[in-house]
Number of protein chains: 4
Amino acid sequence: MSDPVIITAAITGAIHTPTMSEALPVTPEQIVDAAVDAAEAGAAIVHLHARNPETGAPDQSPEAFAPILGAIKARADVVINITTGGAPTMTVQERVRPAEHWQPELASLNMGSMNFGLFGMLSRFPNLNHQWEADYLGNHDIIFRNTFQDIGFVLDTLQSAGTRFEFECYDTAHLYNLAHFRDAGKVSGPLLIQTVFGLLGGIGPHPDDVAHMKRTADRLFGDEYVWSVLGAGRHQMPIAAISAAQGGNVRVGLEDSIWLEKGVLAPSSAAQVTKAREIIEGLGRRAATPAEARAKLALKGGDNTAF
Amino acid sequence: MSDPVIITAAITGAIHTPTMSEALPVTPEQIVDAAVDAAEAGAAIVHLHARNPETGAPDQSPEAFAPILGAIKARADVVINITTGGAPTMTVQERVRPAEHWQPELASLNMGSMNFGLFGMLSRFPNLNHQWEADYLGNHDIIFRNTFQDIGFVLDTLQSAGTRFEFECYDTAHLYNLAHFRDAGKVSGPLLIQTVFGLLGGIGPHPDDVAHMKRTADRLFGDEYVWSVLGAGRHQMPIAAISAAQGGNVRVGLEDSIWLEKGVLAPSSAAQVTKAREIIEGLGRRAATPAEARAKLALKGGDNTAF
Amino acid sequence: MSDPVIITAAITGAIHTPTMSEALPVTPEQIVDAAVDAAEAGAAIVHLHARNPETGAPDQSPEAFAPILGAIKARADVVINITTGGAPTMTVQERVRPAEHWQPELASLNMGSMNFGLFGMLSRFPNLNHQWEADYLGNHDIIFRNTFQDIGFVLDTLQSAGTRFEFECYDTAHLYNLAHFRDAGKVSGPLLIQTVFGLLGGIGPHPDDVAHMKRTADRLFGDEYVWSVLGAGRHQMPIAAISAAQGGNVRVGLEDSIWLEKGVLAPSSAAQVTKAREIIEGLGRRAATPAEARAKLALKGGDNTAF
Amino acid sequence: MSDPVIITAAITGAIHTPTMSEALPVTPEQIVDAAVDAAEAGAAIVHLHARNPETGAPDQSPEAFAPILGAIKARADVVINITTGGAPTMTVQERVRPAEHWQPELASLNMGSMNFGLFGMLSRFPNLNHQWEADYLGNHDIIFRNTFQDIGFVLDTLQSAGTRFEFECYDTAHLYNLAHFRDAGKVSGPLLIQTVFGLLGGIGPHPDDVAHMKRTADRLFGDEYVWSVLGAGRHQMPIAAISAAQGGNVRVGLEDSIWLEKGVLAPSSAAQVTKAREIIEGLGRRAATPAEARAKLALKGGDNTAF
Ligand SMILES: [Zn+2]
Ligand SMILES: [Zn+2]
Ligand SMILES: [Zn+2]
Ligand SMILES: [Zn+2]
């Protein structure tokens, strides 16, 4: 319990669209600034996506990450985590390329296929500035594809460069899937398990859901894993608090929620990091440094990347 | 607790292949006999798939069901439930056709997309008689596709004929997905929720998993649902017992497990029904009749189908 | 899971009174016969109390056990477990004497103080034959006293003779209390933990209660313990089934329930053992022999007692 | 979730002794000041015990409360809650007298008998200033006595004056005991249920314990109850956070913990209230006012007491 808390800030993601919040960073400069601010506020890890600077649409080309990675590294000591989730509408081959090219310390890896229901947001944001936003959010047919073959492919592609993983688990099955790869000798601890709550298509945001994921991970992975949580939307801080109160780690950032509190848009991911620290420090814990996160997660270090 | 237990027998399914057990029914005659025997042993519902009588491969054409449905109806008073799951490698349009054509009292409906990992069986059955069996079981790339759009399509297609559903839920998310359709007014109680445990790609078979699914269904659906369980493979009877001990219902049959007990192949689905009844009667409960199942599930009756 | 199930039969106890069921054994001969029958039906352990042969009131004198112990030993190979619970209205000094004197392989030990609310039975049995029955059942002021000092006293008194324990745990706190003695080096594994459900004053009989006790015991004792359950009254068989379905052991007998099923009085503890075996064998398990129970629980053997 | 959080501050209690912390208020003046400060920091309720001003020993005479109650009322708008727990070594008749005499808005009521193991503190505080402290903490034979008869007696004694209750529940059984009185028509909602974690003799402080108490209360009481938590010692803030994150209320104060964070003694109950508010406000909630607490708990108002 007295371990410091690893805060991950997910800077922009692929779920929220530019119309929803002016604070959502879209251009490389905005993303870099937001990541550096989050690091300065206390995030040990930044989880990164790139976007088309004109339209704000997700862009999973290695080139899109080029102006982002080095700039962050130059300005902040922070662990860089590159998404392999991309957007749920992309192929896995497409999704893996930035992490393959840039060889970061961490890459995200989604541990199962699932529905992805973003359409609930349409009623809250009826007037969207870009046609792609309406098409994307209104899509009732999205499968976020992560078959056993896909997962094996990502592991094979990235592990040779020493990249380790943020294993995103959206339901109990994803934990069992991860245990399957562990049993097969394909991954080993310390496993950073990011349990994700409250996105339609995945497990809900109820405290009982959080408890079940924690208990299941304890049962399947014992001391081999490091627990983190991500609550979608208004569940971000409550679920972060539940985790921090029991020794877990937290992920915040505009990728996961554009809100700071009820009815108040967050001005930045850094503001959410600060809010999470209030809770963490109220609990008598503190934010982990990037060095502490690297030690805990057995990362290769920021000098061993391709940027 | 004193309610009788609705036993569903899933006669042949699409997971096990003919090489695995000689008892697996493949031809229409075998399927009919197995269903009638299961009904006589105490099953109130038979859950049906059809197969190619030559190769044993799943066949989801309406024609494949033609020689099966009427023959069962003529010989046994039992609720007929036609799969819309088919095999996880088929399209939804293909999968819905038999139920659309034959308008049964019940059809299964899978409540989310997921991985389907059958490859663990390959090591237990290294010598397969048919090439399709090896291709099918060895496939690490299967997504069992059930997007929100797919589910809506099945509901729209079948509800006009008064068919109701066995909602197959392989993880917590599937319960939340079902609640989404309930909240949208697309389905209403009594909802037959078949919680499924122990298939790789879905939630595991641990009692804690069973407890979490039950608690979540209680929380989301209260009195609007009827609970049933299906444990895969060797977990079939233990999970049936956990359900029956707390007022729930059970599904057995060779679709879900080819075993009777450790190391002993089941001679028939009927044998598993008999085994389940031993447990149920040991608990002071009894098997529900088809009429009791119809009343409990608000079914339209066996005379209102298209066969 | 394939381990055989240790069935304990609790032959007469101190909760039910003679008016409630003619099957309740009261005289030494009745108790001996009931114990032998239970053993022959499949119980590996008999848990014993003695009663006044005239009134049926609990009698915790060593002398009361004299005509019982040797007679059972002469007629059946079964592990004998002598209560130190006695009746909740007795002192601990009184309660420990029979086990101290007779040095059995097993003695029960209650792991905390608690209320004991038997008065609910009064409404079901308004006409009682003995005044002591009415006084006893109508008592709203019963504390079943088992302080830390009391527990330490029983341990000190009995462990020197090699007696081991059935640790009766009526709520979560009792598990933590046991962990306290384990941490203090006063007890060590294999610990037979009898989790008790459904007696007013203790934890309830809900499956969620069973799950919580199991999970807590797993967390506190890991591989150091052997799990058994006791459901009071009509909960006896359902809770036995939930335990047996997940590798646990079971206790039945007229001490815990006078019922065989809803509305049917059990003719004997042996009949309940037989009923439990139906469930157990339906699950593909079997009843453990006394030798298997001795091995699993590290008992000293039936020859090493003082009777 | 957007409801304000009712913070109760338990000012001095009967568990900690003066040697343990100089901040522990002992004299009437100290207790009054501490209560007023806690109210000003954001507590809507103060839970009060009295002590002998010379020795610091618990004093449960009505007279001991005389200089405290009016003085607090004169200086702060706060709900006053008088303990009927007193010290676990007192009789119930003794314990109920202050609340009977002073007719407060709230009185605590312990919902079951249990062991009370304070002796773990002896090793942390080997040198005690008063003999009573050593005798009290070293006592391994404490039963905190609250039989069904005792509870009924307290209810009968206090309800006629319109006093309502803080139902202290130290384990699952206590919730079932409360449900028993509710079913008997002796109490009705809104019931303030104070679930208590981490005191030896009661349920532990694990998040799974908190989850089980919450789930059980939800199941037994539905909308009839208001949930609050109390974590003993170092578990105070983590358990408060888990509650506040899911819509619950919190109790802090030196009665329950003398710590502010690891290794740092709390200077006052007010300091703990402030700490709890950090967490609560980080969660986007705020502290309830006394008026809001009165409305939520259906209290009679501060003018309707006998002081
Ligand atoms: Zn992402
Ligand atoms: Zn099927
Ligand atoms: Zn007994
Ligand atoms: Zn108190």
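Of the residues making up region D:216-228, those that are under 18 Å from residue D:297 (Cβ atoms) and touching a residue at least 24 places away in the same chain (Cβ under 8 Å) are D:217, D:221, D:223, D:224, D:225, D:226, D:227, D:228.
Out of D:50, D:87, report the one residue that is at pLDDT below 95, under 28 Å from residue C:115 (Cα atoms) and crowded, with 19+ Cβ neighbours inside 10 Å. Show your work before the answer.
Working: D:50 fails: at pLDDT below 95.
Going through D:50, D:87 in turn, the sole match is D:87.
Can you work out which of the residues in region A:126-137 that are more than 23 Å from the chain's Cα centre (by Cα) and of a type outside the set (Asp, Glu) is nearest to residue B:169 (Cα to Cα)? Ranking the qualifying residues of region A:126-137, first place goes to A:134.
Could you tell me how many of the residues in region D:241-264 are assigned to a loop (DSSP other than H, G, I, E, B), farther than 21 Å from residue D:31 by Cβ and among the aliphatic types (A, V, I, L, M)? Reasoning before the result, please.
Filtering region D:241-264 down to residues assigned to a loop (DSSP other than H, G, I, E, B) leaves D:245-248, D:253-258, D:262-263.
Imposing the further condition that a residue be farther than 21 Å from residue D:31 by Cβ reduces the set to D:245-248, D:262-263.
From the residues that got through so far, the ones that are among the aliphatic types (A, V, I, L, M) too are D:245.
So the answer is 1.
Being within 14 Å of chain B (Cβ to nearest Cβ) and closer than 29 Å to residue D:123 by Cα: is that true of residue C:171 here?
On the way: within 14 Å of chain B (Cβ to nearest Cβ): no; closer than 29 Å to residue D:123 by Cα: yes.
Judged against the criteria, residue C:171 is not a match.
The residues of region D:216-235 that are within 10 Å of chain A (Cβ to nearest Cβ) and surrounded by 22 or more Cβ atoms within 10 Å (Cβ to Cβ), listed by number, are D:231, D:235. Considered as a group, the residues in region A:269-285 that are in a loop (DSSP other than H, G, I, E, B) and buried (at least 22 other Cβ atoms within 10 Å of the Cβ) include one that is farthest from the other protein chains (Cβ to nearest Cβ), and that residue is A:285. Within region C:87-108, can one find any residue that is among the aliphatic types (A, V, I, L, M), within 14 Å of chain D (Cβ to nearest Cβ) and within 20 Å of the chain's Cα centre (by Cα)? Yes: region C:87-108 contains one or more residues that are among the aliphatic types (A, V, I, L, M), within 14 Å of chain D (Cβ to nearest Cβ) and within 20 Å of the chain's Cα centre (by Cα).
Only one of the listed residues (D:187, D:226) is away from ligand 4 (no atom under 15 Å from the Cβ) and part of a strand (DSSP E or B). That residue is D:226. The residues in region D:137-168 that are touching a residue at least 60 places away in the same chain (Cβ under 8 Å), among the hydrophobic types (A, V, I, L, M, F, W, C) and either within 16 Å of ligand 1 (Cβ to nearest atom) or more than 11 Å from every other protein chain (Cβ to nearest Cβ) (or both) can be counted, and the count is 4.
Output the residues belonging to region A:170-188 that are surrounded by fewer than 24 Cβ atoms within 10 Å (Cβ to Cβ) and either of a type in the set (Lys, Arg) or in contact with a strand residue (DSSP E or B) (Cβ under 6 Å, 6 or more places away or on another chain) (or both).
Answer for region A:170-188, where residues must be surrounded by fewer than 24 Cβ atoms within 10 Å (Cβ to Cβ) and either of a type in the set (Lys, Arg) or in contact with a strand residue (DSSP E or B) (Cβ under 6 Å, 6 or more places away or on another chain) (or both): A:182, A:186.
With within 20 Å of the chain's Cα centre (by Cα), more than 8 Å from every other protein chain (Cβ to nearest Cβ), under 16 Å from residue B:202 (Cα atoms) and in contact (Cβ under 8 Å) with a residue 24 or more places away in the chain as the only criterion, which of A:213, A:121 stands out? Of the residues listed, the single one that is within 20 Å of the chain's Cα centre (by Cα), more than 8 Å from every other protein chain (Cβ to nearest Cβ), under 16 Å from residue B:202 (Cα atoms) and in contact (Cβ under 8 Å) with a residue 24 or more places away in the chain is A:213.
Within region B:14-43, the set of residues being under 17 Å from the mean Cα position of the chain (by Cα), closer than 23 Å to residue B:134 by Cβ and at pLDDT 95 or above comprises B:24, B:25, B:26. Among the residues of region A:2-35, those identified as surrounded by fewer than 19 Cβ atoms within 10 Å (Cβ to Cβ) and either within 17 Å of residue A:251 (Cβ to Cβ) or of a type in the set (Ser, Thr, Tyr) (or both) are A:2, A:3, A:4, A:19, A:21, A:27. Looking at region B:150-160, is at least one residue under 20 Å from residue B:298 (Cβ atoms) and among the hydroxyl-bearing types (Ser, Thr, Tyr)? Yes, region B:150-160 contains at least one residue that is under 20 Å from residue B:298 (Cβ atoms) and among the hydroxyl-bearing types (Ser, Thr, Tyr). Counting only residues that are buried (at least 22 other Cβ atoms within 10 Å of the Cβ) and out of contact with any strand residue (DSSP E or B) (no Cβ under 9 Å at 6 or more places or on another chain), region C:57-84 holds 1 of them. Screening the candidates D:68, D:11, D:80 for the property of being closer than 30 Å to residue D:147 by Cβ and touching a Lys or Arg at 6+ places or on another chain (Cβ under 9 Å) yields one hit, D:80.
Residue by residue, here is whether (1) touching a helix residue (DSSP H, G or I) at 6+ places or on another chain (Cβ under 8 Å); (2) farther than 21 Å from residue C:199 by Cβ; (3) among the aliphatic types (A, V, I, L, M); (4) within 16 Å of ligand 1 (Cβ to nearest atom) holds:
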| site | (1), (2), (3), (4) |
| --- | --- |
| C:26 | yes, yes, yes, no |
| C:35 | yes, yes, yes, no |
| C:57 | yes, no, yes, no |
| C:65 | yes, yes, no, no |
| C:82 | yes, no, yes, no |
| C:98 | yes, yes, no, no |
| C:101 | yes, yes, no, no |
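The residues of region A:103-125 that are away from ligand 1 (no atom under 15 Å from the Cβ) and under 27 Å from residue A:156 (Cβ atoms), listed by number, are A:103, A:105, A:112, A:113, A:115.
The values are calculated or read from the model by the stated rules, or taken from the named source; none is laboratory data. Keep in mind it's a predicted model, so treat the numbers as computed, not measured. When we count neighbours, we look across all protein chains shown, and the Cβ atoms used for this are built from the backbone with ideal geometry, even at glycine.
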